[in-house]
Amino acid sequence: MRQIRSFGLSFGLALLLSGAAFAADPLPAIKPFFFATGSTRGTVGGHVLRGARDLYSLTAGQGQIMTITITAPDDNVVFQIYEPGTKVARDADGLLEFSGKALPAAADGDDATRWSGRLPRGGSYLIAVGSTRGNARYSMDIKIE
């Protein structure tokens, strides 16, 4: 009986400590996405670890049409797009949370790999890239018209 209680205490302490470590993790850097001079399209590549997010910001005007396509060799990467003004923080479990409005069909749970639409506002849009399983290598193409 004592061994079981000790195991439970150790397991609970490990969970508590691991949760505290996650909550203390810094926020990932938001990388600005720029187009080459005179261009309206560009590509960025990266690696995202399982459970993590790569964050990008892209400034665009109201009414412009944005198209994003993301590909991965293992088809295991998706993205979300959030309107200007979205804030990023960590919740009590250490997971990223976004306080802002996601664009239709590009919200958490939509598993977007391609999105195209007219932007409702001008400003800096936030693009969050994550893996659906395992670590992921990706290439993301962005076009603004």
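Structure above, values below:
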read-out: Cross-chain or 6+ apart pairs with Cβ under 8 Å, region 129-145 first and in a loop (DSSP other than H, G, I, E, B), then basic (K, R); value: R133/R50; G134/R50; N135/R50
read-out: Residues of region 112-128 classified as polar (S, T, N, Q), free of Cβ contacts under 8 Å to residues at least 60 places away in the same chain and outside any loop (DSSP other than H, G, I, E, B), total; value: 1
read-out: Residues located in region 67-82, provided they are surrounded by 14 or more Cβ atoms within 10 Å (Cβ to Cβ) and part of a loop (DSSP other than H, G, I, E, B); value: A72, N76
read-out: When residues of region 88-106 are limited to those that are of a type in the set (A, V, I, L, M, F, W, C) and free of Cβ contacts under 8 Å to residues at least 24 places away in the same chain, the one most open to solvent (accessible area, probe 1.4 Å); value: A105
read-out: The listed residue being open to solvent by 40 Å² or more (accessible area, probe 1.4 Å), of a type in the set (G, A, S) and free of Cβ contacts under 8 Å to residues at least 12 places away in the same chain, out of G85, G109; value: G109
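Every residue, every condition in (1) at pLDDT 95 or above; (2) hydroxyl-bearing (S, T, Y); (3) open to solvent by less than 70 Å² (accessible area, probe 1.4 Å), yes or no:
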residue	(1), (2), (3)
P28	no, no, yes
G51	no, no, no
L58	yes, no, yes
G61	yes, no, yes
Q64	yes, no, yes
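The values are calculated or read from the model by the stated rules, or taken from the named source; none is laboratory data. Just so we're clear, the structure is a prediction, and the values are computed from it rather than from any experiment. Glycine also receives a Cβ, built like all others from the backbone with ideal geometry; neighbour counts cover every protein chain displayed. Protein only, heavy atoms only, side chains kept; ligands, DNA and RNA dropped before computing areas. Shrake-Rupley method; radii C 1.70, N 1.55, O 1.52, S 1.80 Å.
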